[in-house]
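See structure below.
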Amino acid sequence: MKSKDWTWKFVTASELLSKGACELCCVNLEPSNTNANINIYNGENTLGEKIVGLFTSVKINREFYPTTPIYCGRGLYVEVVAFTTGVFVHWRELGQ
């Protein structure tokens, strides 16, 4: 697979990253303080199916690297809940 087929973004606030089907490759939470918290959803908002929630009670990055990309058929949404500098998200759009 070519790197140009994949998209990445450093998200600093809750955001819809994909309106259509995609594959989630990895997520990296960079906390701004203790008790950082984010959620990733298969969908266009927080009403979608929750894929993963990342939390840290200490100021250290948390990563989510599934063994294979996760299919998100209804979109990809990142919810920044608290004390987060940003979230690095890596995904691949699938054709409509």
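The values are calculated or read from the model by the stated rules, or taken from the named source; none is laboratory data. Predicted model only: the values in this text are computed from it and were never measured. All Cβ positions, glycine included, derive from the backbone under ideal geometry; neighbour counts span all protein chains shown.
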Among residues of segment 1-39 being touching a Cys at 6+ places or on another chain (Cβ under 9 Å) and not in a loop (DSSP other than H, G, I, E, B), the residue surrounded by the fewest Cβ atoms within 10 Å (Cβ to Cβ) is Trp8
Among the residues of segment 43-65, which ones are among the basic types (Lys, Arg) and farther than 20 Å from Phe10 by Cβ? Lys50
Tell me, which residue of segment 1-28 that is small (Gly, Ala, Ser) and at pLDDT 95 or above is nearest to Ile40 (Cα to Cα)? Ser14
Only one of Tyr71, Tyr41, Tyr65 is within 12 Å of the chain's Cα centre (by Cα), under 21 Å from Lys4 (Cα atoms) and among the hydroxyl-bearing types (Ser, Thr, Tyr); which? Tyr65
Among the residues that make up segment 49-57, is at least one of them surrounded by 14 or more Cβ atoms within 10 Å (Cβ to Cβ), in a strand (DSSP E or B) and touching a Gly at 6+ places or on another chain (Cβ under 8 Å)? no
Tell me, yes or no, whether segment 66-75 has at least one residue that is under 16 Å from Lys9 (Cα atoms), of a type in the set (Gly, Ala, Ser), in a strand (DSSP E or B) and in contact with a Phe, Trp or Tyr (Cβ under 9 Å, 6 or more places away or on another chain). no
